[in-house]
Each structure stands twice: as C-alpha cells, then as structure tokens.
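The values are calculated or read from the model by the stated rules, or taken from the named source; none is laboratory data. Note that the structure is predicted; figures quoted are calculated from it, not measured. Every residue, glycine as well, gets a Cβ built from its backbone with ideal geometry; the counts of neighbours run over all protein chains shown. For accessibility, only protein heavy atoms count, side chains too; no ligands or nucleic acids. Shrake-Rupley method; radii C 1.70, N 1.55, O 1.52, S 1.80 Å.
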Amino acid sequence: MMTLNLVVPCFDEEEVLPETGKRLLALLDQLVQREEIHPESAVTFIDDGSRDRTWSLIEGLHASDARVRGIKLSRNQGHQSALLAGLLTAPGDVLVSLDADLQDDLDAIPRMLAAYRQGAEIVFGVRSCRDTDTFFKRATAHAYYRLLQRFGVEVLPHHADFRLMSRRAIDALRDFREVNLFLRGIIPLLGFRTAVVMYERHARFAGCSKYPLPKMLALAFDGIASFSSKPLLWSTHVGAAISLLSLLIGLWALVIRLFTDMSVPGWASTVVPMYFLGGLQMLFLGVIGGYISKIYSETKQRPRFIIEEML
Ligand code: UDP
Ligand code: MG
C-alpha cells in the first residue's frame, strides 16, 4: 500500500490553518479506512517565513497528531521555493501538493490516486472553471497561457500547483538545479506517464491572497524567461527583415536615380546605410542573445536525460 504525503506551503495562513489541518487529516482517515493509502501517510506544512502564528499552529497540529509534520523556512522564500522544499524533503511514495487556503478541491485527491494506480506518475489538477476568480485574474490568466503557448513554453493551461507526483518523478525533479523556479513549467519536462484530473476551484476559505500583483508578475516573467529564448530569435528575425528591406530601398533609389530626374542627392547614401546597419545590429543582438541563452541554459544544469526504465 502506498504512503501519501500532502505537501502544503503556508505563508501567513493563521486564519485557515486549523481548518486545513482538520480537513486534510479527515481526508487521510477516510483514505486509510478505504485501504487506499498506508496509515503512515502524512501532511507536511511548510512555513514560508510567516510573520503571524502560522508556525506555532503547525507545532500545535504536530503535537496533537504525529501525522502532521512541519518544515520552517528561515525566511519568506516565495511559494515556488517553499513548495520545492516540501517536495524534496517530504517522505512517501506519492506526494500531492496543494494550497493551504483550501481552494484546491480535496475531492480531486482520491481521483488523482486512482490515476496513479493506473500507472500515471504525475497527475495534474486542472481547473474546470474560474468562477471564483476575479475578472482581472481570469482575463490575465487566459492571456498569459496564450502568451506562454506562443513562446513555445510547454505548460498545461489552468493547472497551477495542485498535482500528484510519484517518488520517481520527485527524484527526477531533484536533478533540476535552477533557482528561478516555475514548477509548472519544469514538471512537464520530466516526461513519464501523466494524467489530468479536472476540479472546481473553490473560493479562499479565509484570509486574503498571498500573491499580490508584483509577485504574480515576477512568477509570470520566470515562466517565460526560464523556458523560452524566442524573444531573442525575434530580434534576429526583425533585424534580418530590416536589413533586407534596406537593400530593396537601395535598389529603388537606384531605379529613381537612373530612370527619372526626381532623385534627391544624398538621400540614398544616408537613409539606406542607416536602415541596413540598424537591422544588422538587431540581427547580431539576436545572435549574441542566442549565445547568452545557451550560457543561461548551461548554468541551469538541467539533467540531460531522465531514464524511465531499464531492462
Ligand atoms: N504562499 C507561500 N509563500 C508566499 C506566498 C504564498 O508559501 O510567499 C502559499 C500560500 O500560503 C498558499 C499558496 O502559496 O498556500 C498559494 O497562495 P495564495 O492562495 O495566496 O495565492 P492565490 O490563490 O491567491 O493565487
Ligand atoms: Mg489561493
């Protein structure tokens, strides 16, 4: 029987933690009773440098039920880092990451486990609707997923960080050494058999969002910059187009000069090189950018391959 570990990053979550603890333990009890998971299954709360009573609440939960474990980070490192800390340290055959605010539907977890039993190593929780989000968040999220697709970043639209991962997938994740974390971009790179479970996202149980706009923008930028060098390629393309165009302008100026008497002295020799050199500069900026992106991906030291099976 598998041991399950629920991994929950928390930042200033004193308003929701008692309820979250209660509900997650009830879920474990239920699953143990149905003999779906091992009785030693656990909940791991990661305190991401909270300034409120979050850590003492986690200590209290641990004292009253040994299945609750806590990890306290030295300061606020951000949701993605806190989540990674939990994933890479929590024991168990199967880890499910979810938010502390109960927005992720707990009823989806048994369905995730069912997909795991059918052979999936990674199960993505995908929102079926965004009714509980504000209009602003909905609109920006939709636009952002479209943008990511344009940039060729492989993410699953409307999947955040509610997912199941097998021990094998976690071990593969360990080999990704990058610090600019955008987990939902890394996980699809792991490969393995995956599955999707749809769920309805609830409203936050209590408290307010710990993802203010600046944090959201920083995460959004990581999502693009860590996975795509397309913008650099565009610079090359635009540069090449401008240089080519300037040659055409030169040709046109020549035609005007030879076949009409409308040519303006000094025009072609000023304008054509300006466009030509401008374009050339953009082209080579793109080329230099290409090398920088190579250096960048070397410094990330991502694994070059992940083995699924050997015979
Ligand atoms: N969180 C965290 N560190 C942070 C910000 C958020 O660990 O710096 C946690 C937070 O406690 C919650 C999860 O990340 O469990 C998602 O945050 P939140 O629900 O505030 O985001 P939203 O649902 O508004 O996007
Ligand atoms: Mg939330």
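Normalised per residue, the accessible area of region 186-259 is 60 Å², obtained with a 1.4 Å probe and no contribution from ligands, DNA or RNA.
At R0 = 35 Å, how high is the FRET efficiency between Ile295 and Thr132 if r is their beta carbon distance? Nearest 0.05 is fine. So the FRET efficiency works out to roughly 0.25. Peptide packing: for 76-87, 125-136, the average count of neighbouring Cβ atoms within 10 Å per residue gives the ranking 76-87, 125-136, highest mean first.
Rounded to the nearest 10 degrees, the inclination of helix 213-225 to the longest alpha-carbon principal axis of the chain is 60 degrees. The alpha carbon centroids of region 181-221 and region 270-311 are separated by 28 Å.
Nearest 500 deg cm²/dmol is fine: what mean residue ellipticity at 222 nm does the chain get from its DSSP H runs of n ≥ 4 alone, each adding -39,500 (n - 2.57), divided by its residue count? Taking each H run of at least 4 residues, the total per residue is -17000 deg cm²/dmol.
Against the chain, whose longest principal axis comes from its Cα atoms, helix 79-89 is set at around 50 degrees.
Principal-axis analysis of the Cα atoms of the chain puts helix 230-259 at an angle of about 10° to the longest axis. Protein heavy-atom surface of the chain, 1.4 angstrom probe: 62% of the accessible area is carbon and sulfur, with nucleic acids and ligands not counted. For region 1-91, the solvent-accessible area of protein heavy atoms averages 45 Å² per residue (probe radius 1.4 Å; ligands and nucleic acids excluded).
Here Arg257 and Lys230 are evaluated by their C-beta separation; at R0 = 51 Å the FRET efficiency comes out at 0.80.
Cα gyration tensor of region 158-227, axes a ≥ b ≥ c as square roots of the eigenvalues: rounded (a/c below 1.5), prolate (a/b > b/c) or oblate? Oblate, since a/c reaches 1.5 and b/c is not below a/b.
Taking a straight Cα-Cα cut-off under 25 Å and skipping sequence neighbours fewer than 8 places away in the same chain, the lysines within cross-link reach of Lys22 are Lys72, Lys210. Please work out whether region 1-147 counts as rounded, prolate or oblate from its C-alpha gyration tensor, where a ≥ b ≥ c are the square roots of the eigenvalues and a/c under 1.5 means rounded, while otherwise a/b larger than b/c means prolate and anything else oblate? Taking the square roots of the gyration eigenvalues as a ≥ b ≥ c, region 1-147 is oblate.
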